[in-house]
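First the structure, then my questions, so here it is.
Nothing in this text is a laboratory measurement; each read-out follows from the coordinates by a stated rule. In this text, all values refer to a predicted model and were calculated from it rather than measured experimentally. Glycine gets a Cβ as well: all are built from the backbone with ideal geometry, and neighbour counts include every protein chain shown.
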Amino acid sequence: MFKKKSLGQHFLTSTHYLSLITDTAHITPGERVLEIGPGEGALTHELLSRGAIVVAIEKDHRLIPVLEEKFQHEIAEGKLQLIENDVLRFDISSHLQGTYKLVANIPYYITGAILEKFLSASLQPTSMTLLVQKEVAERIAREKKESILSLSVKAYGTPRYIKTVPRGAFSPPPEVDSAILAIENISRNNFKSAAHEKKFFDLLHAGFAHKRKLLKRNLESAVGREYSDILKNTRIRENARAEDVSLEQWLVLVESSL
Ligand code: SAM
């Protein structure tokens, strides 16, 4: 079957990295796992072999009969549920109840949308173990030079850069290197209310609106109020840029702005 580049079809063929992904996810038998894009089932097989109960969503209809054939026993035993759908249209709560982990070699063209959908969902996974583009994993997990993406992830969980995965571990090889990214301890404990959560994202987008401008100027032009005192109270330098401000400081800034 020819692989569709438009669907990010780079299948992982290295058994070493397949088991590193499942090791990272700390799968225990009977645990529920959501997999995005099972492809030809390499990671699905690894997850099932660790005793996971898997729900897998695949957009490419051509792969469904391949997966049904390969996993006929697991499907019959209720260990695997296959869903043909676009993950971005998938209604989480109608297929999952209680706790679950997200484990996937995701299509890179929708990395941001997947992170946003599952981190902000009312039924969040407890952890995510994802293969993503190497630069994206680095940008999310590093301590310095924050971005809207890194702060959005850190607001809900603890990201960790696990391991670089070379392009040769895939068939066909992608044009970029990849990395295993873990996001653990996912919750909305950083937010005191839905209003706090909303305000956090509103301010984050306002603060990063013009990259070259100081945070203070960006906030003042978006929110229409003086920010000198608020910044002083939250111990943020007057001449800081949005990328210099830590998650903890953003959270205090948001509370002071409510
Ligand atoms: N899990 C397999 C592996 O590791 O070898 C395949 C991973 S491949 C990088 C990404 C998979 O996601 C492909 O099977 C592709 O068809 C599927 N896919 C792409 N876009 C999708 C979407 N919007 N929703 C669900 N699956 C999607």
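Taking the square root of 5 times each eigenvalue of the Cα gyration tensor, what semi-axes in Å does the equivalent ellipsoid of segment 7-142 have, largest first?
21, 17, 16
Then there's this: With a cap of 16 neighbouring Cβ atoms within 10 Å, and only residues DSSP puts in a loop, list the trypsin sites (Lys or Arg not before Pro) found in segment 116-175.
142, 144, 145
Any idea what the dipole of segment 144-258 comes to, in debye rounded to 20, about its Cα centre with Lys/Arg Cβ at +1 and Asp/Glu Cβ at -1?
So the magnitude is around 180 debye.
What do you get for trypsin sites (Lys or Arg not before Pro) in segment 38-94 restricted to DSSP loop and a cutoff of at most 14 other Cβ within 10 Å of the site's Cβ?
Of the trypsin sites (Lys or Arg not before Pro), the ones in loops of segment 38-94 whose Cβ has at most 14 other Cβ atoms within 10 Å are 62, 89.
Determine the dipole magnitude for the chain: charges of +1 sit on the beta-carbon of Lys and Arg, -1 on that of Asp and Glu, nothing else is charged, the reference point is the Cα centre, and the result goes in debye to the nearest 20.
Once rounded to the nearest 20, the dipole reads 940 debye.
Also: Let a ≥ b ≥ c be the square roots of the eigenvalues of the Cα gyration tensor of segment 80-215; is it rounded (a/c under 1.5), or, if not, prolate (a/b larger than b/c) or oblate?
Here segment 80-215 falls in the oblate category.
In the chain, once you exclude exposed GluC sites (Glu not before Pro) (DSSP loop, at most 11 other Cβ within 10 angstrom), what's the longest stretch remaining?
By the stated rule (loop sites, at most 11 other Cβ atoms within 10 Å), 1-76.
How much of the DSSP beta bridge set in the chain is antiparallel, as a percent to the nearest 5?
50 percent
Using the Cα atoms of the chain to build a convex hull, what is its mean projected area in square nanometres?
So the Cα hull casts an average projection of 14.3 nm².
Segment 179-228: which trypsin sites (Lys or Arg not before Pro) are DSSP loop and have at most 15 other beta-carbon atoms within 10 angstrom?
192, 211, 212, 225
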